[in-house]
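Let me give you the structure first, and then I'll get to my questions.
The values are calculated or read from the model by the stated rules, or taken from the named source; none is laboratory data. Here the structure is a predicted model, which is why all the values come from computation and not from measurement. All Cβ positions, even for glycine, are placed from backbone atoms using ideal geometry, and neighbour counts span all protein chains on display.
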Amino acid sequence: MTTITIEVKNPEDVEILTALATRLDCKITKVKNNEEKGNREELKKLFKSIAKRGTLAKAIPDPVKWQKEIRKDKKLLGR
């Protein structure tokens with residue numbers, strides 16, 4: 001058995017390839033739609049706007065102190 005991974009930009013070509021694979025009695029294991037990657041720029045803008053607000057930095061002025069207070073480490077054997 002040979003496995004082939006194909007990336008296709010045109011949705012119509014996906015249909016053609018699927019039909020061809022079916023015709024050739026090939027097994028299609030997964031069809032993944034990567035259009036969500038287009039949201040990357042929107043997410044970038046969103047994260048930048050959140051970072052500009054600086055609300056977390058205002059809420060936790062000393063992160064090291066906060067981490068020491070909030071952290072609950074497990075006791076290690078022999079330590």
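Got at least one residue in segment 28-38 being at pLDDT 80 or above and more than 22 Å from the chain's Cα centre (by Cα)?
Taking every residue of segment 28-38 in turn, at least one turns out to be at pLDDT 80 or above and more than 22 Å from the chain's Cα centre (by Cα).
Can you tell me which of (1) of a type outside the set (S, T, N, Q); (2) surrounded by 10 or more Cβ atoms within 10 Å (Cβ to Cβ); (3) on the phi > 0 side of the Ramachandran plot is the one Asp25 doesn't meet?
Condition not satisfied by Asp25: (2).
Show the residue pairs that are 6+ apart or on different chains and have beta-carbon atoms under 9 Å apart, the first residue being within segment 17-33 and part of a loop (DSSP other than H, G, I, E, B), the second being surrounded by 11 or more Cβ atoms within 10 Å (Cβ to Cβ) and not aliphatic (A, V, I, L, M).
Qualifying pairs under 9 Å: Ile28/Thr18; Ile28/Thr22; Val31/Thr18.
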